[in-house]
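Before any comments, here is the structure.
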Amino acid sequence: MSDSELLSEIVQAVRSVKGDFRQDRILHLWEDSLRVLYGMSFDVATLSIRCSSGTYVRSLANELGEKIGIPALAMKIVRTRVGKYKIKQAER
């Protein structure tokens, strides 16, 4: 994924958040960071993780990156199940 594609996805995700959660500040920080990394490409992986409640998936992503020797973060987390309840049941 190119730096501009990554920024586009970040902008879309951050703008989808309702309320005042420092979205403008977050976007500014991402823009500054990617300006320094201009022209770079980024590897993107999609993982499916089955874990217990209390698992910090963002920390897990960071630790995985440390293990393989590259910076890593969780860009998008979708909780598909909590206990016996699945996301499809919530959509009804």
Test of understanding: what is the full-extension gain from Trp30 to Glu9, defined as 0.36 nm times their sequence separation minus their Cα-Cα distance? 6.4 nm
Computed, not fitted: 222 nm per-residue ellipticity of the chain from DSSP H runs ≥ 4 (each -39500 (n - 2.57)), nearest 500, equal to -14000 deg cm²/dmol
A student asked for the Cα radius of gyration and Dmax of the chain in angstrom ought to give 15.6, 45
Given a cut-off of under 8 Å on Cα pairs at least six residues apart, what relative contact order in percent is computed for the chain? 23 percent
Options Met1, Asn62, Ser48, ranked by Cα towards positive dipole end of the chain, top entry (Cβ charges): Ser48
Just the accessible area per residue of the chain, please: how many Å² with a 1.4 Å probe? 91 Å²
In the range 14-53, whose amide N lies under 16 Å from the spot 7 Å out along Cα-to-Cβ of Lys86? List them in ranges. 49-51
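The values are calculated or read from the model by the stated rules, or taken from the named source; none is laboratory data. Given the structure is predicted, the values throughout are model-derived calculations rather than measurements. Glycine also receives a Cβ, built like all others from the backbone with ideal geometry; neighbour counts cover every protein chain displayed. Remember, those area values only see protein heavy atoms, side chains included, never the ligands or the DNA or RNA. Shrake-Rupley method; radii C 1.70, N 1.55, O 1.52, S 1.80 Å.
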